[in-house]
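Here's the structure, in structure tokens; my notes come after.
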Amino acid sequence: MALRLITSRQNEVYRFLKALTEPHTRKKHKAFLLEGATFVAEALEDEAWAVLTVALTPEFSETERGQRIISEAQRKRVQVVLMAPALFEEISGTETPQGAIAAVRQPQAERLERLKVPTVATALVLEGLQDPSNVGAVVRVADAVGALAVLYTKGTADPYAPKAVRASAGSLLHVPVVPVNSVSEAVNWLRANEFQIVGTVPEGGESVFEVKFGDRVAVLIGNEARGLSEEAKRLVDLSVTIPMVGKAESLNVAVAAGLVLYEILRRRLTQPEGSAR
């Protein structure tokens, strides 16, 4: 079947995809842009229900990867179109577009009450992270360790912004990313579900390698420059610090989150069930 080539900015598909480059229209449509051949192909294979539209440049569509994407989209009954390179570049968030982009529904597990909490669980709370790349990288780590969800407060960068989506490397499709009004709202829900609340601080906390973690742990991650708010610090059960013996003054927030999450995972994988963590 011949694919439609879009050359006009008045075209409804172009206008829809272009709208998803803006935060307010992403929220309105409950959708976001997923860019890159690998991520688009994975979405079609694993989460085709969520893919609304796929757009390819004519040049990319003629490649082997492009043909596989077209075949999979058509097999899954997902709309796929060709888009003139000039229009595609206006939608793409990268300097050198790969030639494949998709509009994807935001996962619907957006409310806390929809989350089913297993006996052993890890959650994250992001408070005021400003860099969307950091938000996406933290979501990627959360996915890697099998976290239940990532909660994010008002004032945190949009997790569905193009930079965040790229940094998440597709993990936004795997982990519920749930907005909350405040850190206190998040903590109230976490306490009601018997989570241990752990705050990360650059200094003055217990070593992350020495504390005992519960079966359900929620890790609070603060702003890149200011860290956790005073309110958040008052709400935690314990504060942890990552030891540093070199001359670096701090760690990137995603690196710090990864170290804490993997220490929790390491305990669960290496210590007998029921023993002290």
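Could you go through region 106-129 and let me know if any residue there is closer than 30 Å to Leu265 by Cβ, open to solvent by 60 Å² or more (accessible area, probe 1.4 Å) and aliphatic (A, V, I, L, M).
yes
If Val139 passes every condition in (1) under 8 Å from the mean Cα position of the chain (by Cα); (2) open to solvent by 10 Å² or more (accessible area, probe 1.4 Å) but one, which one does it miss?
Condition (2) is where Val139 drops out.
Please determine, by comparing only the residues of region 43-53 that are in contact (Cβ under 8 Å) with a residue 60 or more places away in the chain and of a type outside the set (A, V, I, L, M), which one is least open to solvent (accessible area, probe 1.4 Å).
Glu47
Go through region 41-61 and report how many residues are modelled with pLDDT under 95 and either closer than 17 Å to Glu89 by Cα or assigned to a loop (DSSP other than H, G, I, E, B) (or both).
So the count comes out to 1.
Kindly provide the set of residues from region 154-192 that are open to solvent by less than 10 Å² (accessible area, probe 1.4 Å) and under 25 Å from Lys233 (Cβ atoms), ordered by number.
If the condition is that a residue be open to solvent by less than 10 Å² (accessible area, probe 1.4 Å) and under 25 Å from Lys233 (Cβ atoms), then Pro159, Val177, Val178, Val180, Val183, Ala186, Val187, Leu190 are the ones that fit.
Residue check, Ile197 against (1) among the β-branched types (Val, Ile, Thr); (2) assigned to a strand (DSSP E or B); (3) more than 21 Å from Leu259 (Cα to Cα); (4) over 12 Å from the mean Cα position of the chain (by Cα), all met but one. Which one?
(3) is the only condition that Ile197 fails.
Could you tell me whether region 28-35 includes any residue that is out of contact with any helix residue (DSSP H, G or I) (no Cβ under 7 Å at 6 or more places or on another chain) and farther than 27 Å from Ala167 by Cβ?
no
Is it the case that some residue within region 7-20 is under 19 Å from Ala169 (Cα atoms) and within 22 Å of the chain's Cα centre (by Cα)?
yes
Of the residues Lys30, Lys18, which is open to solvent by 60 Å² or more (accessible area, probe 1.4 Å) and touching a strand residue (DSSP E or B) at 6+ places or on another chain (Cβ under 7 Å)?
The conditions single out Lys30.
Out of (1) part of a loop (DSSP other than H, G, I, E, B); (2) small (Gly, Ala, Ser); (3) within 18 Å of Val150 (Cα to Cα), what's the single condition that is false for Ala225?
(3)
Is there a residue being of a type in the set (Asp, Glu), in contact (Cβ under 8 Å) with a residue 24 or more places away in the chain and surrounded by 14 or more Cβ atoms within 10 Å (Cβ to Cβ) anywhere in region 33-42?
Taking every residue of region 33-42 in turn, at least one turns out to be of a type in the set (Asp, Glu), in contact (Cβ under 8 Å) with a residue 24 or more places away in the chain and surrounded by 14 or more Cβ atoms within 10 Å (Cβ to Cβ).
Matching residues to (1) closer than 18 Å to Ala123 by Cβ; (2) open to solvent by 70 Å² or more (accessible area, probe 1.4 Å); (3) in contact with a Lys or Arg (Cβ under 8 Å, 6 or more places away or on another chain); (4) not in a loop (DSSP other than H, G, I, E, B):
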| residue | (1), (2), (3), (4) |
| --- | --- |
| Phe209 | no, yes, no, no |
| Gly214 | yes, no, yes, no |
| Val217 | yes, no, no, yes |
| Ala232 | yes, no, no, yes |
| Val240 | yes, no, no, yes |
| Ala248 | no, no, no, no |
| Gly258 | yes, no, no, yes |
| Glu263 | yes, no, no, yes |
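The values are calculated or read from the model by the stated rules, or taken from the named source; none is laboratory data. These figures come from a predicted structure and were not determined experimentally. Please note: Cβ atoms are built from the backbone with ideal geometry, for glycine as well, and neighbour counts cover all protein chains shown. With ligands, DNA and RNA removed, areas are computed over all heavy atoms of the protein, side chains included. Shrake-Rupley method; radii C 1.70, N 1.55, O 1.52, S 1.80 Å.
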